[in-house]
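Peer 1: One structure coming up, written as structure tokens, with questions to follow.
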Amino acid sequence: MTVPQLKDELENLTAVAVVDDSNSVEKPNLKGDWLNFFLLLLLYTMQGIPFGLASAMPIILQSNKNVSYNDQALFSLVAWPDSLKLIWAPLVDSLYVQKMGRRKSWLIPVQYLMGACFIYMAGNIDEWLPETRKPDILKLVSVFFLTNFLASTLDIVVDGWSLTMLKKNNVGYASTCNSTGLVLGMMMSYLFFILLTSEDFSNKYLRINPDVGGVLTMKSLFYVLGILFILITTLIAIFKKEKDNRLEDDHVKLNIVQNYSLLWDILKLPSIQILALTLLTARIGFAATDSLAVLKLIDAGVPKENIMVIHTTILVVKITVPLVVAKYTSGPKPLNIYLTATTIRLLWNISFVVFIYYTPKLITMNGFVNIPEYYYALLVFILSIHKILPNIMAVSTLSFFSRISDSRFGGTYMTLLNTLLNLGGAWSSSVAIGMVDFLTFKQCSLDNQNSCSTENLKNMCKTNGGDCVVIVNAYYVETTVCTIIGIVWFCIFRIILKKFQTKGPSYWVVNIKRPSGE
């Protein structure tokens, strides 16, 4: 679409228009749909387990004195599949065995493979991750990369299935299952992997008499996960029937080439182009706070271990939040709560700036860090709001994605929208972190001409008995700029997002010519 056409479309959206009632649906009602709701919740929880294990592994590796930061950097590659899944999403949508079911054709073998991977890891984890010798990083990276690849494939499958498993008036609940299930699965695996296998934690909190090792070994944990995956998958394969969508009037089956061209067809929709611009810029307003706030708290003297404990506690809250807001996000206008949360989140940037500015004064006494209890109470409150608001926004966004995605190509459509959303967060966060050194200005306390901009200048200052003092703190600069951009974004896109909610399903449907022979 040309720039003038895009401009016209934007003007149409922002103009006063009559609401399209074709988008109205029955009120959500899970009566008769509860089993499907809980099945989706279970599938998303299982999907979150390998992600949680992968996120816990760096902490375990870091406790091994033989692991370098280069090893940690190599292990970070295991997170790539979740960002690259758009590459094979069209395959998942186009290749399947009709008799088995479009989604079950992938779900069943992938979950069986996941179970087999866990059992294989159980037999080798003691060799790959010894207590005294250097871990075999390459093998750990290989196997965790594979499990994350399988989990990312499951994400495509379950996202697509959620559009047809639930009734049309309940499809907004798919985002609730997604947000709650993923966090639950990640928290369970994350905590079990670190805490239940920890000798210190087990002896302190779980045992009457101290013993060697945790209450659960890594080997037994992986065996349990492998068996559970195989057992649950078998029950789904036997008892869960998938709808046959061939009988629907709008059914169309695409081959692999057509499915990949579908990505381009979706992106050519004027509505998607405007939505893509919205998603790619939506997180600029929070980039500095999301990327730098916690790091600044640690720099100020707050122990990182205490912040990790608080984050773990907040995970429990994040599990229940989607359930609490479900009645608001499952309706026809889920983005209303997204816009409300955006306003609060922009204001919360100011709260963080004030809190971080006064943190050194609040936790330091006579030159020593001595953190009072009231500070931790305030920290828990501020971090809780900081973590809960993005979760609410994610549920609202996923609910909107579920409503507008063309169910004929649900896996590809949902994955594309999620990729755009994730890219918006990734690039803004990277820029925020990358600009810190550039926007931070220091000066030697004993020499106004020394800017401490290089290692030599810093060493020279220290040699002369001075300290490099921060004159301009990049965090405050970036937060101010990001907040202003966020306010401008809100003023521009608020009307657009509200109009999007009034558009009927035809506004988002991809026009695909039926292949010959159908």
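Peer 1: Relative to the longest principal Cα axis of the chain, at what angle does helix 287-300 sit, 0 to 90 degrees, rounded to 10?
Peer 2: 30
Peer 1: Kindly flag which residue pairs out of Lys31/Lys241; Lys168/Lys333; Lys99/Lys241; Lys167/Lys241; Lys139/Lys219; Lys167/Lys268 have an alpha-carbon separation exceeding 22 Å in this structure.
Peer 2: Going by Cα-Cα distance, Lys167/Lys268 fall outside the 22 Å limit.
Peer 1: Additional query: Could you point to the label whose value was computed as Cα extents along the principal axes in Å for the structure here, given [x] 83, 56, 55; [y] 83, 62, 40; [z] 75, 50, 45?
Peer 2: [y]
Peer 1: With each pseudo-label sitting 7 Å past Cα toward Cβ, what's the Arg133-Ile119 distance in nm, one decimal?
Peer 2: The modelled label-to-label distance comes out at 2.7 nm.
Peer 1: With point charges of +1 on the Cβ of Lys and Arg and -1 on the Cβ of Asp and Glu, referenced to the Cα centre of region 58-190, which listed residue (Ser162, Leu140, Leu129) lies farthest in the positive direction of the dipole?
Peer 2: Value: Ser162.
Peer 1: Sorted by packing (mean other beta-carbon atoms within 10 Å per residue), highest first, where do 465-474, 284-293 land?
Peer 2: By packing density, highest mean first, the sequence is 284-293, 465-474.
Peer 1: First select every other residue whose beta carbon is under 9 angstrom from the beta carbon of Gly160; then total the charges, Lys and Arg +1, Asp and Glu -1.
Peer 2: 0
Peer 1: Based on DSSP H runs of at least 4 residues, each adding -39500 (n - 2.57), what is the mean residue ellipticity at 222 nm of the chain after dividing by all its residues, to the nearest 500 deg cm²/dmol?
Peer 2: -22000 deg cm²/dmol
Peer 1: Which one of Gly425, Leu40, Asn203 has its Cα pushed farthest toward the positive end of the charge dipole of the chain, where Lys and Arg give +1 and Asp and Glu give -1 at the Cβ?
Peer 2: So the residue we want is Leu40.
Peer 1: What size of dipole, in debye to the nearest 20, comes out for the chain about its Cα centre when the only charges are +1 on Lys and Arg C-beta atoms and -1 on Asp and Glu C-beta atoms?
Peer 2: 940
Peer 1: Go through region 425-430 residue by residue and turn each phi into a ³J(HN,Hα) via Karplus (6.51, -1.76, 1.60, θ = phi - 60°); whole Hz please, and just put x for glycine and proline.
Peer 2: The phi angles translate into x, 5, 5, 5, 5, 4 Hz.
Peer 1: In the chain, with Lys and Arg counted as +1 and Asp and Glu as -1 at Cβ, which of these residues, Thr278, Ser291, Ile230, has the Cα nearest the positive end of the dipole, that is, farthest along it?
Peer 2: Farthest towards the positive end: Ile230.
Peer 1: Does a label point 7 Å from the Cα of Val431, set along Cα-to-beta-carbon, have any residues of region 265-293 with amide nitrogen under 12 Å, and which are they?
Peer 2: 280-288
Peer 1: Just tell me which lysines come within less than 24 Å, Cα to Cα, of Lys442; anything on the same chain fewer than 8 places away is out.
Peer 2: Lys296, Lys361, Lys458, Lys462
Peer 1: Search the structure for amide H atoms under 5 Å from the amide H of Lys167, placed 1.01 Å from N in the peptide plane, and list their residues when 5 or more places away or on another chain.
Peer 2: none
Peer 1: OK, next. Could you give the length gained by full extension between Lys31 and Asp467, i.e. 0.36 nm per residue of separation minus their alpha carbon distance, to one decimal place?
Peer 2: Using 0.36 nm per residue and subtracting the Cα-Cα distance, I get 150.3 nm.
Peer 1: Can you give me the C-alpha center-to-center distance between region 360-433 and region 205-244, rounded to a whole angstrom?
Peer 2: 29
Peer 1: For region 175-232, just say rounded, prolate or oblate: build the C-alpha gyration tensor, square-root its eigenvalues into a ≥ b ≥ c, call rounded for a/c under 1.5, and beyond that prolate if a/b exceeds b/c, oblate if not.
Peer 2: oblate
Peer 1: Roughly how many percent of the accessible protein surface of the chain is carbon and sulfur, given a 1.4 Å probe and a whole-percent answer?
Peer 2: After summing per-atom areas, the C and S share lands at 65 percent.
Peer 1: State, to one decimal in nm, how far the label point of Ile256 lies from the label point of Asn422, with both points 7 Å from Cα in the Cβ direction.
Peer 2: 2.2
Peer 1: Full extension from Ile298 to Asn66: what is 0.36 nm times the residue separation minus their Cα-Cα distance, to one decimal in nm?
Peer 2: Gain on stretching Ile298 to Asn66: 81.0 nm.
Peer 1: Hey, another quick one. Give me the accessible area of Arg494, 1.4 Å probe, in Å² rounded to the nearest 10.
Peer 2: 90
Peer 1: Quick check on region 340-479: what are the equivalent-ellipsoid semi-axes from the Cα gyration tensor, as sqrt(5λ), descending, whole Å?
Peer 2: For region 340-479, the semi-axes come out at 42, 22, 11 Å.
Peer 1: Quick one: accessible area per residue over the chain, 1.4 Å probe, rounded to a whole number of Å²?
Peer 2: In whole numbers, the chain has 50 Å² accessible per residue.
Peer 1: How about region 139-217: which trypsin sites (Lys or Arg not before Pro) there lie in a loop by DSSP and see at most 14 other Cβ atoms within 10 Å?
Peer 2: Within region 139-217, the qualifying trypsin sites (Lys or Arg not before Pro) (loop, at most 14 other Cβ atoms within 10 Å) are Arg207.
Peer 1: Return a whole-number percent for the relative contact order of the chain, with Cα pairs under 8 Å and 6 or more residues apart as the contact set.
Peer 2: The normalised contact order for the chain reaches 24 percent.
Peer 1: Oh, and also: Give me the dipole magnitude in Debye, nearest 20, for region 384-485 about the Cα centre, with unit charges on the beta carbon: positive for Lys and Arg, negative for Asp and Glu.
Peer 2: Charge dipole of region 384-485: 340 debye, to the nearest 20.
The values are calculated or read from the model by the stated rules, or taken from the named source; none is laboratory data. Keep in mind the model is a prediction, meaning the values are calculated, not measured. Ideal geometry is used to build each Cβ from the backbone, glycine not excepted, and the neighbour counts take in all protein chains shown. These area figures cover heavy atoms from the full protein model, side chains too; ligands, DNA and RNA do not enter into them. Shrake-Rupley method; radii C 1.70, N 1.55, O 1.52, S 1.80 Å.
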